[in-house]
1. Anything in the range B:65-86 that is closer than 19 Å to residue B:125 by Cβ and either in a helix (DSSP H, G or I) or in contact with a strand residue (DSSP E or B) (Cβ under 6 Å, 6 or more places away or on another chain) (or both)? List them, or say none.
2. If we keep just the residues of the range A:234-253 that are more than 23 Å from the chain's Cα centre (by Cα) and either of a type in the set (Asp, Glu) or crowded, with 17+ Cβ neighbours inside 10 Å (or both), which is modelled with the lowest pLDDT?
3. Answer with yes or no whether residue B:40 is more than 14 Å from the chain's Cα centre (by Cα) and within 14 Å of another protein chain (Cβ to nearest Cβ).
4. Restricting to the range B:140-166, count the residues that are within 14 Å of chain A (Cβ to nearest Cβ) and over 17 Å from residue B:191 (Cα atoms).
5. Evaluate the range A:185-203: report whether one residue or more is aromatic (Phe, Trp, Tyr), under 31 Å from the mean Cα position of the chain (by Cα), closer than 19 Å to residue A:125 by Cα and not in a helix (DSSP H, G or I).
6. With respect to residue A:108, determine if the residue is touching a helix residue (DSSP H, G or I) at 6+ places or on another chain (Cβ under 6 Å) and either in a loop (DSSP other than H, G, I, E, B) or at pLDDT 85 or above (or both).
7. Take residue B:196 and decide whether it is among the hydrophobic types (A, V, I, L, M, F, W, C) and out of contact with any helix residue (DSSP H, G or I) (no Cβ under 9 Å at 6 or more places or on another chain).
8. Identify, from the list A:100, A:78, the residue that is away from chain B (no Cβ under 11 Å) and modelled with pLDDT under 90.
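The values are calculated or read from the model by the stated rules, or taken from the named source; none is laboratory data. Because the structure is predicted, anything quoted here is derived from the model rather than measured. Cβ: placed from backbone, ideal geometry, glycine included. Neighbour counts: every protein chain shown.
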Amino acid sequence: MITNFQVAYKNLLRKKVRTLLTIIGIALSSWVLVSLLGFNRGYERALNKDIDNMGFQLMIMAKGCPYEAATMMLKGGTGLKYMNKSLIEDVDRQPEVEKTTPILMSAVFDPNKGESGGIAGYFGVEPVSFAAMKTFLSFRQGGWFTDPNAYEVVMGYEAAELEQREVGDMILMPEKNVEFRVVGILNRTGTQDDGTIFAPLGTLQKIFDRPHEITTIGIKVKKGADSAKLEAKLYKLPDVQIVSLQQVKDTIMKLISTAKVMVLSIAVIAILIAMVGVINTILTSVWERMQEIGILKTIGAMPWDIFRLIWTETLILCITGGILGVVFALLLARLTDILIRGVLPYAPGGGLVLIDLRLVLTTLVSIIVIGLFSGIYPAWKAGRIRPLEAIRGDSGR
Amino acid sequence: MTPALLTYNIFKRGKGFLVLAALTFILLVASSGAVWAAVGCDLNDPDRDVARLFPESTGYKTIYTSIAQKGGEKLLAKIEAGLGDRFHGIYETIDVPYTIYEIYSSKKRIGYIHGVNQKGQYGGIQVFLVLDLEGRIKGFYIQKMTSRHAGKLRDAAFGRQFIGLTIREFTDYDAATGKAGGKIAGIKNPAPEAEADFRAALRAAKKNLVLMDEFVYKAASTGGIQK
């Protein structure tokens with residue numbers, strides 16, 4: 001015996017182009033929905049990873065000092081402010097602090113970079129405390145400098161690539177006219193460390209005539225310790241500013257969430273359009289088959305039978321479109337990632353679109369439920385058709 | 001990317017993002033390049049630099065290519081033979097992306113600008129050649145160089161010595177040993193103290209010409225990038 005599903009399936013095949021277009025509409029909506037929800041989760045995960053990769057949760061700087069290399073570059077290498085390295089002892093005394101590391105940022109002008117020159121940035125670090133905080137750093141070649149006052153550098157992956165340096169090569173610090181030997185090249189991390197040149201803290205202090213001075217203290221907070229309380233205590237130190245990476249993350253997430261609401265509303269509009277498409281397709285199909293439905297009723301079909309038949313058609317459209325959309329989303333996740341990365345103001349490293357089974361099922365169920373709702377009106381309309389009027393060709397629509 | 005830059009970028013581009021995000025999903029059918037490729041050599045400011053290096057130009061088209069993409073190991077061997085030296089170091093590899101600026105005057109193609117990275121004594125050197133349609137050097141530009149004598153080697157007077165030369169003249173230059181004959185021997189080093197960087201600049205010029213010969217001038221006869 002022919003089933004309800006087979007009848008519905010055959011009905012849809014009667015108008016192949018219309019059915020295909022409706023399925024494409026649902027598939028596109030489903031694709032957008034999966035990709036956006038996947039992006040929502042993936043972005044936060046990637047951002048968390050990026051923040052963790054910075055190695056420390058808090059940074060202390062002298063008031064008004066740009067707090068990392070990028071800002072320093074934007075400001076043309078100016079605006080650096082210094083604090084005494086002894087401050088680190090006050091920080092170490094706090095019970096919430098697990099580790100600290102001193103950093104001296106410095107910048108020199110290189111007149112032979114491009115047409116109008118450029119800034120070359122150097123980070124003075126103590127390899128033991130710095131590496132202990134950035135445990136994710138690994139070496140492509142060589143290792144850290146061993147002498148705290150050596151004229152040696154460790155280069156981030158991209159810095160080494162740009163300067164075509166290998167271990168054993170020399171680099172020249174423009175402006176200061178000082179040579180360094182490259183002793184290590186780091187593997188790519190996807191963080192700002194990739195573009196950084198690290199030198200021993202003592203060496204940079206000497207070159208820049210800043211004995212006992214640093215620009216930054218990186219702080220790793222003990223697990224479970226109250227970071228906010230520590231921040232409040234650190235603010236009592238004279239003339240310093242505290243940068244909490246959690247705050248930075250919260251700010252980014254707030255800014256991104258506004259944009260995400262806008263993007264999600266686009267997805268909702270796409271779904272509404274798909275819903276209207278489904279209603280239109282099924283309703284047109286009902287109207288076209290008015291006489292057929294009338295005959296079905298005449299030979300004993302009950303309104304519920306007609307309702308079920310029409311609803312099954314909706315279900316087939318939604319399931320097919322939904323699955324197709326999910327397949328698109330899975331196949332093109334990498335491409336979506338690249339495109340999102342191209343338009344986002346800031347994209348953390350790693351995958352930005354995270355699609356898992358739960359998300360796939362949630363989307364499919366949502367699409368099916370939305371589709372079934374869309375199918376209620378056409379199915380109800382079909383169920384209410386009066387047989388004689390329908391056969392006469394006057395359904396009163 | 002760092003917190004300050006993130007925040008800066010978000011504020012700077014926040015408005016555009018909303019519009020662009022909407023377009024993202026429309027553009028999903030478009031394709032894009034690889035993210036983690038080896039480092040290439042691009043002009044810092046192509047609009048400004050093309051106009052300066054090729055004053056008669058009215059526009060340009062950017063073409064991306066690599067040895068891996070154009071012919072793989074076989075092409076690499078050919079290029080190394082043409083250069084007279086092996087590609088060495090961890091940064092001179094088969095997958096290095098090359099950017100060729102195809103220069104136009106109105107709708108007419110009038111030449112090319114192409115740059116290569118070269119290992120110098122104290123850092124990477126970026127050497128750009130301005131070429132006519134026959135592969136003759138019209139201009140020589142070192143975009144970046146770290147050296148105590150970079151100023152002399154980046155000076156226009158040094159670059160002028162290359163004008164008119166082609167790949168044929170460079171066959172007299174041994175990129176491995178630095179021994180030069182013919183017209184190349186006539187190129188004077190303005191900074192004898194920076195002999196290594198002078199040689200690096202010559203090797204970069206030869207490498208640039210050999211690559212352009214394979215990518216553009218020879219490819220024209222085989223249906224590749226048109227000459």
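1. Hits for the range B:65-86 are B:79, B:83.
2. Among them, the one singled out is A:239.
3. no
4. The number of residues fulfilling the criteria is 1.
5. yes
6. Considered against the rule, which asks whether it is touching a helix residue (DSSP H, G or I) at 6+ places or on another chain (Cβ under 6 Å) and either in a loop (DSSP other than H, G, I, E, B) or at pLDDT 85 or above (or both), residue A:108 comes out as no.
7. So residue B:196 fits the description; yes.
8. A:78
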